[in-house]
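Asks: Quick one: the structure is below, and I'll ask about it shortly.
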Ligand SMILES: [Zn+2]
């Protein structure tokens, strides 16, 4: 059932049997000599997310974007649904910010404030365990 699927903000989940097909441009795709597997056509693929285990579509248009616009290798696989990918990107950004703020020798008041927010968020989502680290600054 289409409504049980993880939604994607840019693409609409197809009805079963109505998966979309998009033509591939192999001149824009990147493959190693070992993995010679270009895409002549892309088709909406129904996959299971490795993290939340929900079903999601890896859309034909999304595949074309990955392999022809973003320059991903053709053997790169999509294993996480859009929502999990978004969460992971956010976490990565927060962790980077946390590291940057942690290294500041003389942080401003707003930087200290921001550091606490970032650290608290990371703890809340279970990506940082040591609460005492928050008090390190200020
Ligand atoms: Zn997921």
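Asks: Considering the convex hull of the alpha carbon atoms of the stretch 2-80, report its projected area averaged over all viewing directions, in nm², one decimal.
Replies: Averaged projected hull area, Cα only: 5.6 nm².
Asks: Follow-up. Suppose only helical runs count, i.e. DSSP H with n ≥ 4. What mean residue ellipticity at 222 nm does that imply for the chain under -39500 (n - 2.57) per run, divided by all residues and rounded to the nearest 500 deg cm²/dmol?
Replies: It lands at -10000 deg cm²/dmol.
Asks: Along the principal axes of its C-alpha atoms, what lengths does the chain span, in descending order and rounded to whole Å?
Replies: Extents along the principal axes: 57, 39, 24 Å.
Asks: On each of the three principal axes of the Cα atoms of the stretch 61-111, give max minus min coordinate, whole Å, ordered largest first.
Replies: Cα extents, longest axis first: 46, 21, 16 Å.
Asks: Quickly work out the residue 89-to-residue 32 label distance, labels modelled 7 Å from Cα along the C-beta direction, and quote it in nm with one decimal.
Replies: 2.6
Asks: What do you get for the angle between helix 82-103 and the principal long axis of the chain? Use alpha-carbon atoms, 0 to 90 degrees, nearest ten.
Replies: That helix lies at roughly 30 degrees to the long axis.
Asks: What distance in nm separates the simple spin-label points at residue 54 and residue 77, each placed 7 Å from Cα in the Cβ direction?
Replies: 2.2
Asks: For the chain, what does the relative contact order come out to in percent, with C-alpha contacts under 8 Å and a separation of six or more?
Replies: The normalised contact order for the chain reaches 19 percent.
Read-outs throughout are calculated quantities, based only on the coordinates presented, and are distinct from any laboratory measurement. This is a predicted model, so every value here is computed, not measured. As a convention, Cβ positions derive from the backbone with ideal geometry for all residues, glycine included, and neighbour counts pool all protein chains shown.
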